[in-house]
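Participant: Supplied in structure tokens, the structure appears directly below.
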Amino acid sequence: MNRPPRGAKRDGKGTARRKKPRTPGNGHTDLIRQLWEAAVNLRGSIEPADYKRFVLPIVFLRFLSLRYERRRHELERMVKEPGSEYYTKSAKQAAAILEDPDEYRSVGAFILPKPARWDEIVKHAQADDIKLRLDNALEALEKAYPDKLRGLLPRTYAGSNLARENVTGLINLFSRDIFKEDHGGADLVGRVYEYFIGGFADSEGKRGGEYFTPVSIVRTLVAMLAPEQGMVFDPCCGSGGMFVQSDLFTRHSRRLSFVGQESKDFTYRLCRMNLFIHGLERVQTRERAVRDLVDDSVESQGVVDIFKVAGIERPDISILDDAFLQTFKDRPLADLRLRLLAKLVADEIHARQRRNLAQAKSFKDLLEQTLRRYHNRLIDAAAVIKAMIEIRGEMDSADERAAQLGLDADELAFYDAVAAQREAVYGVEFMRDLIHEVVQVIKRTVKVDWTEPHRDDVKAAVRAAVRRVLRAREVKAEDLEPFMAAVMAQAEALYANWPLAA
């Protein structure tokens, strides 16, 4: 006998009727229904205009926990799965991967401190001190990410009029299935904010000059503007919906940067939380170094004339050789010639710095030390020229060294970055093979503008990929972070303009 599936209803004739499948759009309807329950739960304890202040931090914790849990489960599966690039038989390496912040940051997730994890909050939901625990969870989260969250998560629960039962009800509500979904990366915080300001704080918001632009209008504006790359500026950014929708429009290409302003303190913090959740947070604006401009009067022919006056055939370090050293003392204006040559060598070192940081630093240190000894009258000008010739010779031999090691020019730069103090420990062959793999994985992972602040997730993906290679090659634990620092510095110098720098 065929039985109807569990949960099926029967019509008047006794025929089993299956449940109707969920139709598109029900997710939003369900969300609104759950938020209505949250509002009902808060009724009588606080003013409706303040509902969002107590609901949104819990939504924030829930959303971050959801992403953390998903990524951790994914990593736990991959470290045990033969064939995965994460696979390892080492329990120590597996544990390191599971606690690597970059493995989470690269996919828009964050490692959460234990008090801020949702399972920990749910476990203590019935506790008498749950309000204090929520405040402590927000504080722990802020301390874990001070550069991104400092001052954004005020502790308001313990000092509020909310009954413990109200807080427990909110936690239980946001543990339901609909809040186990990320809704395709939708602006969940914005939706919640829209609901509470639109339904419960509308009159107060308008009196204060505060309006919320519905997501449908924001989405339409973004579609009309069609941003693809560059900067999105919103002078009244509210909860950051324009930024989130712009990112969704570009399918998370991370080729946009965001600038906005907001007069309401709570709404400003909400915007920062919203951007943090979606991996769109920007670090504070950093002042750019101002480059000195060369005056037209000393450009081109004027500069060449200076070299000619000093008896230097051409402004190029290729003149530095043993023959030049032999004739140096026989020419006038020795001090001027020395200064000009030092400038030429310094400029060449600076030009090569992007290609090979370690090599450039070595050359720079040698030049500065030599000039310092000259100015202290410990050596003569001939000794300075000899050191410059040595530097030029080292520069010319770089290609030969790369060929001998079986590395290309890029790989040699990374080799020099990490081999100085460790070549004797690991051996040339180990270091060569390691660097070859490291450079390959970096080239596969970097993307356009990856060094820009708004693409921090890409940079995290690069760091995570490099760390996996180092662990797989069994680089010693004490060498792991020094390796990482040297490799990442060279990668940012060499591939900042990727793919033009490729």
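The values are calculated or read from the model by the stated rules, or taken from the named source; none is laboratory data. As the structure is a prediction and not an experimental result, all values here were calculated from the model. Don't worry about glycine lacking a Cβ; one is built from the backbone with ideal geometry, like all the others, and counts go over all protein chains shown. With ligands, DNA and RNA removed, areas are computed over all heavy atoms of the protein, side chains included. Shrake-Rupley method; radii C 1.70, N 1.55, O 1.52, S 1.80 Å.
Participant: Any idea which residue in region 59-97 is nearest to the chain's Cα centre (by Cα), counting only those that are open to solvent by 20 Å² or more (accessible area, probe 1.4 Å) and closer than 19 Å to residue 140 by Cβ?
Facilitator: Filtering first and then ranking leaves 67.
Participant: Collect the residues in region 249-259 that are open to solvent by less than 40 Å² (accessible area, probe 1.4 Å), modelled with pLDDT of 80 or more and in a strand (DSSP E or B), keeping them in residue-number order.
Facilitator: Within region 249-259, 256, 258 meet the criteria.
Participant: Just to be sure before I move on: is residue 427 of a type in the set (Gly, Ala, Ser) and open to solvent by 30 Å² or more (accessible area, probe 1.4 Å) in the structure I sent?
Facilitator: Criteria not met by residue 427.
Participant: Take residue 479 and tell me if it is part of a helix (DSSP H, G or I) and either open to solvent by 50 Å² or more (accessible area, probe 1.4 Å) or farther than 19 Å from residue 82 by Cα (or both).
Facilitator: Spelling it out, residue 479 is indeed part of a helix (DSSP H, G or I) and either open to solvent by 50 Å² or more (accessible area, probe 1.4 Å) or farther than 19 Å from residue 82 by Cα (or both).
Participant: Another question, then. Could you list, in sequence order, the residues of region 425-448 that are in a helix (DSSP H, G or I) and under 19 Å from the mean Cα position of the chain (by Cα)?
Facilitator: Once the filter is applied, which keeps residues that are in a helix (DSSP H, G or I) and under 19 Å from the mean Cα position of the chain (by Cα), region 425-448 yields 441, 442, 443, 444, 445.
Per-residue answers, yes or no, for (1) assigned to a helix (DSSP H, G or I); (2) surrounded by fewer than 17 Cβ atoms within 10 Å (Cβ to Cβ); (3) at pLDDT below 80; (4) of a type in the set (Gly, Ala, Ser):
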residue	(1), (2), (3), (4)
212	no, no, yes, no
216	yes, yes, no, yes
221	yes, yes, no, no
224	yes, yes, no, no
236	no, yes, no, no
244	yes, no, no, no
247	yes, no, no, no
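Participant: How about region 405-424: which of its residues are in a helix (DSSP H, G or I) and either under 14 Å from residue 490 (Cα atoms) or in contact (Cβ under 8 Å) with a residue 12 or more places away in the chain (or both)?
Facilitator: Within region 405-424, 405, 409, 410, 411, 412, 413, 414, 415, 416, 417, 418, 419 qualify.
Participant: Go through (1) among the acidic types (Asp, Glu); (2) closer than 23 Å to residue 96 by Cα; (3) touching a residue at least 24 places away in the same chain (Cβ under 8 Å); (4) open to solvent by 30 Å² or more (accessible area, probe 1.4 Å) for residue 452 and report which single condition fails.
Facilitator: If we test residue 452 against (1) among the acidic types (Asp, Glu); (2) closer than 23 Å to residue 96 by Cα; (3) touching a residue at least 24 places away in the same chain (Cβ under 8 Å); (4) open to solvent by 30 Å² or more (accessible area, probe 1.4 Å), just (2) comes out false.
Participant: Could you name every one of the helices (runs of 4 or more DSSP H) located completely within region 21-139 that has at least 3 residues being closer than 20 Å to residue 179 by Cβ and in contact (Cβ under 8 Å) with a residue 60 or more places away in the chain?
Facilitator: 26-42, 51-79
Participant: Criterion first (surrounded by fewer than 18 Cβ atoms within 10 Å (Cβ to Cβ) and more than 26 Å from residue 86 (Cβ to Cβ)) does residue 404 satisfy it?
Facilitator: So residue 404 passes the test.
Participant: So which residues in region 40-58 are within 13 Å of residue 195 (Cα to Cα), of a type in the set (A, V, I, L, M) and either open to solvent by less than 10 Å² (accessible area, probe 1.4 Å) or modelled with pLDDT of 75 or more (or both)?
Facilitator: Correct list: 55, 56.
Participant: If I go through region 449-476 residue by residue, how many of them are over 11 Å from the mean Cα position of the chain (by Cα) and not in a helix (DSSP H, G or I)?
Facilitator: 5
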